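Enquirer: Could you have a look at this structure, given as structure tokens, before my questions?
The values are calculated or read from the model by the stated rules, or taken from the named source; none is laboratory data. Only a predicted model underlies this, so the values are computations on that prediction, with no experimental measurement involved. Cβ sites come from the backbone with ideal geometry, for glycine too, and all protein chains shown count toward neighbours. These accessible areas exclude ligands, DNA and RNA; they are computed on the full protein's heavy atoms, side chains included. Shrake-Rupley method; radii C 1.70, N 1.55, O 1.52, S 1.80 Å.
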Amino acid sequence: MRDLRLMDPSFPGQYPAVLSRKNAILVSASNIRAVITASEVYLGNPSHKEAIAIAEAVRQQLMTSNMPFEHIALECCLSQICASQSAQLQVLRPYLRQVLHGLKAAGGSLQKRLDQLLPLKNQLDEMHTTLTAVARCLNDVLTNNADMAQMYLTDAQRHKKRKDSDHEDVELIFENYLMQVELISSDIKDDQNEITNTEEIVDIELDVIRNRILQVELLLSISAFMVALGALWTGIFGMNLKSHLEEHPHMFWVVTGAIFAWIFTSIATTRWFCKRAGLL
Amino acid sequence: MRDLRLMDPSFPGQYPAVLSRKNAILVSASNIRAVITASEVYLGNPSHKEAIAIAEAVRQQLMTSNMPFEHIALECCLSQICASQSAQLQVLRPYLRQVLHGLKAAGGSLQKRLDQLLPLKNQLDEMHTTLTAVARCLNDVLTNNADMAQMYLTDAQRHKKRKDSDHEDVELIFENYLMQVELISSDIKDDQNEITNTEEIVDIELDVIRNRILQVELLLSISAFMVALGALWTGIFGMNLKSHLEEHPHMFWVVTGAIFAWIFTSIATTRWFCKRAGLL
Amino acid sequence: MRDLRLMDPSFPGQYPAVLSRKNAILVSASNIRAVITASEVYLGNPSHKEAIAIAEAVRQQLMTSNMPFEHIALECCLSQICASQSAQLQVLRPYLRQVLHGLKAAGGSLQKRLDQLLPLKNQLDEMHTTLTAVARCLNDVLTNNADMAQMYLTDAQRHKKRKDSDHEDVELIFENYLMQVELISSDIKDDQNEITNTEEIVDIELDVIRNRILQVELLLSISAFMVALGALWTGIFGMNLKSHLEEHPHMFWVVTGAIFAWIFTSIATTRWFCKRAGLL
Amino acid sequence: MRDLRLMDPSFPGQYPAVLSRKNAILVSASNIRAVITASEVYLGNPSHKEAIAIAEAVRQQLMTSNMPFEHIALECCLSQICASQSAQLQVLRPYLRQVLHGLKAAGGSLQKRLDQLLPLKNQLDEMHTTLTAVARCLNDVLTNNADMAQMYLTDAQRHKKRKDSDHEDVELIFENYLMQVELISSDIKDDQNEITNTEEIVDIELDVIRNRILQVELLLSISAFMVALGALWTGIFGMNLKSHLEEHPHMFWVVTGAIFAWIFTSIATTRWFCKRAGLL
Amino acid sequence: MRDLRLMDPSFPGQYPAVLSRKNAILVSASNIRAVITASEVYLGNPSHKEAIAIAEAVRQQLMTSNMPFEHIALECCLSQICASQSAQLQVLRPYLRQVLHGLKAAGGSLQKRLDQLLPLKNQLDEMHTTLTAVARCLNDVLTNNADMAQMYLTDAQRHKKRKDSDHEDVELIFENYLMQVELISSDIKDDQNEITNTEEIVDIELDVIRNRILQVELLLSISAFMVALGALWTGIFGMNLKSHLEEHPHMFWVVTGAIFAWIFTSIATTRWFCKRAGLL
């Protein structure tokens, strides 16, 4: 049967699926793969801890619930899918918060934080894709009357007639887990929005810091230029050429004073011009 | 009952839900959780101020309105959801305007403004997610005839027969609050657009300022380079080596004049070249 | 009546609405608010120039058209909504073209242009939101047979029976104005795309100019460094220490020549290296 | 008739429309405007070369095809719309390829390329908007049984009864041109994606080049600073003050050697530190 | 027949199509073009290796399967489409991983990596467009009862009556390959998300590195400025002017000490100010 290929655990990168077939329900998402019949549930990779959790849950539910076997198994599978995705998110979140907080602090470890952020973003994207696909599968089955009716495997086995539109129990199960999937999905969306917002703000903040560094650099360049002009004059008077001022008694102090006066007034003037032009 | 888990106030991060069940209507959004029956309304966290507001509103409406109890309670819950989201937005908006205005002014407090903007953006995103989910819930119920018909709990209790398609009163309530939710949602969208637009403009403005700083820096670098070349000549003539010009009577002034002439003409020429190349 | 709150002109930030009620049609968008009955039209803010335009249009149409009163009034309202949005866009467009052209010219007034662009972008976003909402309202009514049938208020008043599916006249009105709304909406979308495209190009252009400024700066830095090395040698020979070369007759010219030869060859070599590395 | 306004060629910026009316089919897109009746086709701007092409095509098809006149005319109009959009794209594409290739080459003409890219992007956006609207119109008619049935104008004129669902011929025409419109639309989307991808890569490449320029600048700054420290020492020994070392026979060479040793070791050390910090 | 144009292999840039016609099924996607009748399958470019693979698969399936010929052929075509797209992705992926890993490593070969990334992005976009179109085609046919019923060509040939709704076999084929197409499509989406995430992080990382380079540059500028001020003093005392300090026995050491003290304290003070201002 073509659909059974879906159950092969060695086939990686599965697209999630919930299929209603003649004598079986097939559930597949991330690590969980199950074929549910009226009396048994075959799990894809039985030694996996999620398969064990499903088996355990089915055993417990069988004692306390009076739903048909296939509905108990279906609910346990869907519940395990939600639980495992939700658990994964709970593990990611505090780490994500910490990384984002580190980004906002904008300290020296910014680059390390960014290196940590990349796999987090990839993982959230993947989880979102998976959950969207699961939600779509659940919705596809939920809106298909024939598929919903086929879900009553026990009744079908006992040749009990049912109306196609009478499937409120399964509908409630599907609606419930669809809502849970959408809750987790919307939590992930919130986290992704927070990452995007933080990145945007950090991006502008880096630009703001850069502009302020450049402004201080500009101020230094202006000052350095004026000092260089002063140094040019000292160089000129340092030349071993005859200026006929060599023996003037006060010329040393006159020139020194003139150089410093020039430096201070020119720096102040240029700074005022730059401020007026909105550069400083 | 599975749906009651939705009502648990200790369960955080709830996905909004409006569900129509056999003998009850369940309403859940942000802090509001209510189970409405034909004669009573159970509130999730009764000491919360929003629960108290609902209870008060139901009491007042009961005296003046002749709608069945469940519709009064439903309307009060939906009204409270809209009112609380709207109030939250009214608090945010003046603060947001102030932060955005501060961003556009581009003064020295830009970084502080950005730090204030981040939580605002996150909060608007969350509110938008919540309202989208509420709108979706309302729409889901509104387009489901069976769900709408089930909303007449009092009539159901009295075993009064109703046609499935006869539910104009509830439809009006839902349509009305759906429109209100969409109004708030569209207001938030407007605010988000304004933030995005401001960020984009601020981003380009920072780039423009940076380019202008760099242009002034370039002008300074050109000038400084020419001054350095002049200083090189003063250094050369300052060497304690014999140039045989030491005793020349006017050479000091010749060299000094040549240096300044060189500096001015070379700066002017290079500036003209850079202007033509579109750099200054 | 709950819907009448929509008509209150003191209630700002209205979400557009076109509602079909028992004995009235309600139209609300931006500044226009109207309640249309079989024989009268109540306008939200009657002294507003748009309300006056509607009243005038209804009066004129009544003389020439043989449609029922409510359809004439409805058409006048919808026509006024389209006309006022379209007029607003016609006012914005030449100004927008001018601002965008100024941005592309990339002259010194770039920052002023950006300050002008921000309110334009916000306004276009708001108009787009409004028109999308109007289109959605029109579509909602258009696809709802019951709502469309209720639009024949005059016939309803005269207790004239009509089939629910027989409402081609109103359908034509709605289809016509839906198309007009979509036309304006698509014009705004075009303008927004043009703004986005211009911003993206200006952003890259600023980057390109910056890189070219930095390249010239780099060339200057390299040259300045080489001159500084030359100046170091002049400084060394300027030290008041004994080099035993002081009296050498040609040493002055040897050193001067060596310094300039060094400066030119080293600048040429480094420039060649940078060119090969793709930096210049 | 209200719809005829659509046909007015003096009305610019038309929203595309394909409308099925009582005795006519109206087709309008970009420069093509046609009213098709059972025996005639009225073209909006008959002297336009596209109108002439349609007239010519109708004439040719009439001889070879046995479809009713209105379907031949309709097919010719739709075919001409697709052909003209497709031709426009074929003209744009080689030019676009050339501009994008020039962008990737990142030579000196980058700014010129960007100036060329802007109108191309605007034009592709406009074409995409037009085609999306055409596709939507075709789809609207295609999914409306009543509209499709009305398309048999000749049969309607001859009062030949037809079932509403029997319109396979027109359906095939519409499906065929819908597919063609989507093909062109998807080609434009591909081009837009390519532009976006190229812009993103060019943006990062400009950043990479800038960082490398800054790294070389940093290396130069470090070296220049060390040389400046060396020059400071030469300046100190050049002061006309008594250091009591003036007559020392080897001091000149000791100081010169020390200065160069200092410059080389300090540049090497600082460079090593910057490399370790990931800056060079 | 109009649809046969679709099969022309010389017609490039085909939009994917799966069409159900009277006596044939038409399948077209990327290089595969097939017309399937009740007993034969015509392949568009029969010498192409994908056409050969389909022919081979049909031959093998005919021996083992008891489905009607047209369903075997259809399944082989769809299977080949999925297989060829999937194979293309499997070839791209390790190369993409390597390029992205190279980008994150941020070494000197960044620019080369970016040049490699551009064609990869374009190719993934094209594949995604193709697969979306294929999925849409499959879905269009799947949701059209008449089209599905027409797929039983053998039964139609034998004039065997079938109910329109009885087509579970073809439905299973379509559902199965729709799921496979969506799986590949979602894998591509994952890869695109990963590229986008990496680009965003690399973009911010380049900004972070740039800011750190500028910070070190700023520190150097400050230090260089202070050294320049010191050098100005040495220049002043190097002037051939009378300062009356020339013969002072300790003045040389006093001035030298003062200069170095000034340099160290001023650098330390300015650095502390910049640190407090968040610039270093």
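Enquirer: Could you check, for segment D:82-97, whether at least one of its residues is open to solvent by less than 10 Å² (accessible area, probe 1.4 Å) and under 13 Å from the mean Cα position of the chain (by Cα)?
Expert: yes
Enquirer: Out of the residues in segment A:31-52 that are over 22 Å from A:Met151 (Cα atoms) and out of contact with any strand residue (DSSP E or B) (no Cβ under 9 Å at 6 or more places or on another chain), state the one that is nearest to the other protein chains (Cβ to nearest Cβ).
Expert: Result: A:Asn31.
Enquirer: Quick one: E:Ser109 ticks every box in (1) more than 9 Å from every other protein chain (Cβ to nearest Cβ); (2) surrounded by fewer than 21 Cβ atoms within 10 Å (Cβ to Cβ); (3) out of contact with any Pro (no Cβ under 6 Å at 6 or more places or on another chain); (4) under 30 Å from E:Pro68 (Cβ atoms) bar one, so which box is it?
Expert: Status for E:Ser109: all satisfied but (4).
Enquirer: Something else about it: Which of the following residues is over 30 Å from A:Asn139 (Cα atoms) and not in a loop (DSSP other than H, G, I, E, B): A:Ile195, A:Ile213, A:Ile173, A:Ile184?
Expert: A:Ile213
Enquirer: When residues of segment B:124-157 are filtered for being within 16 Å of A:Glu175 (Cα to Cα), within 11 Å of another protein chain (Cβ to nearest Cβ) and among the hydrophobic types (A, V, I, L, M, F, W, C), how many remain?
Expert: Qualifying residue count, segment B:124-157: 3.
Enquirer: Among the residues of segment B:223-262, how many are of a type in the set (Val, Ile, Thr) and more than 8 Å from chain A (Cβ to nearest Cβ)?
Expert: Residues flagged as of a type in the set (Val, Ile, Thr) and more than 8 Å from chain A (Cβ to nearest Cβ) within segment B:223-262 amount to 2.
Enquirer: Could you please find all residues in segment D:200-216 being open to solvent by 20 Å² or more (accessible area, probe 1.4 Å) and touching a helix residue (DSSP H, G or I) at 6+ places or on another chain (Cβ under 7 Å)?
Expert: Once the filter is applied, which keeps residues that are open to solvent by 20 Å² or more (accessible area, probe 1.4 Å) and touching a helix residue (DSSP H, G or I) at 6+ places or on another chain (Cβ under 7 Å), segment D:200-216 yields D:Glu200, D:Asp203, D:Ile209, D:Gln215, D:Val216.
Enquirer: Test each condition in (1) within 14 Å of another protein chain (Cβ to nearest Cβ); (2) open to solvent by 20 Å² or more (accessible area, probe 1.4 Å); (3) part of a helix (DSSP H, G or I) for A:Ala55 and report the one that comes out false.
Expert: The single condition A:Ala55 does not satisfy is (1).
Enquirer: Still on this structure: Tell me, please, whether a residue that is at pLDDT below 90 and of a type in the set (Gly, Ala, Ser) can be found in segment E:61-74.
Expert: yes
Enquirer: Next question, about the same structure. Could you tell me which numbered condition C:Gln61 fails, if it satisfies all but one of (1) open to solvent by less than 40 Å² (accessible area, probe 1.4 Å); (2) of a type outside the set (Ser, Thr, Tyr); (3) under 30 Å from C:Leu153 (Cα atoms); (4) in a helix (DSSP H, G or I)?
Expert: That leaves (1) as the condition not met.
Enquirer: Tally up the residues in segment C:157-173 that are touching a residue at least 60 places away in the same chain (Cβ under 8 Å) and surrounded by 17 or more Cβ atoms within 10 Å (Cβ to Cβ), please.
Expert: Total satisfying the criteria: 2.
Enquirer: Follow-up. Against the condition more than 10 Å from chain B (Cβ to nearest Cβ), charged (D, E, K, R) and more than 24 Å from B:Glu205 (Cβ to Cβ), how does C:Glu182 come out, does it pass?
Expert: Yes.
Enquirer: Restricting attention to segment C:233-280, which residues are basic (Lys, Arg) and either surrounded by 20 or more Cβ atoms within 10 Å (Cβ to Cβ) or outside any loop (DSSP other than H, G, I, E, B) (or both)?
Expert: C:Arg271, C:Lys275, C:Arg276
Enquirer: Contact list please: Cβ distance under 6 Å, first residue in segment E:209-222 and facing chain D (nearest Cβ under 7 Å), second residue among the hydroxyl-bearing types (Ser, Thr, Tyr), pairs at least six apart or on different chains.
Expert: Hits for this filter: E:Glu217/D:Ser221; E:Leu220/D:Ser221.
Enquirer: Among the candidates C:Ile81, C:Ile72, which residue alone is part of a helix (DSSP H, G or I), without any contact (Cβ under 8 Å) to a residue 24 or more places away in the chain, away from every other protein chain (no Cβ under 11 Å) and not hydroxyl-bearing (Ser, Thr, Tyr)? Give the derivation first.
Expert: Details: C:Ile81 fails: without any contact (Cβ under 8 Å) to a residue 24 or more places away in the chain.
One residue alone meets the criteria, C:Ile72.
Enquirer: Only one of these conditions is not met by A:Leu124: (1) without any contact (Cβ under 8 Å) to a residue 60 or more places away in the chain; (2) closer than 27 Å to A:Glu182 by Cα. Which number is it?
Expert: With (1) without any contact (Cβ under 8 Å) to a residue 60 or more places away in the chain; (2) closer than 27 Å to A:Glu182 by Cα applied to A:Leu124, the lone miss is (1).
Enquirer: Does E:Thr154 fit the bill of being open to solvent by 20 Å² or more (accessible area, probe 1.4 Å), in a helix (DSSP H, G or I) and more than 30 Å from A:Leu103 (Cα to Cα)?
Expert: no
Enquirer: Taking segment B:17-52 as the search range and keeping residues that are assigned to a loop (DSSP other than H, G, I, E, B) and hydrophobic (A, V, I, L, M, F, W, C), which one is surrounded by the fewest Cβ atoms within 10 Å (Cβ to Cβ)?
Expert: B:Ala38
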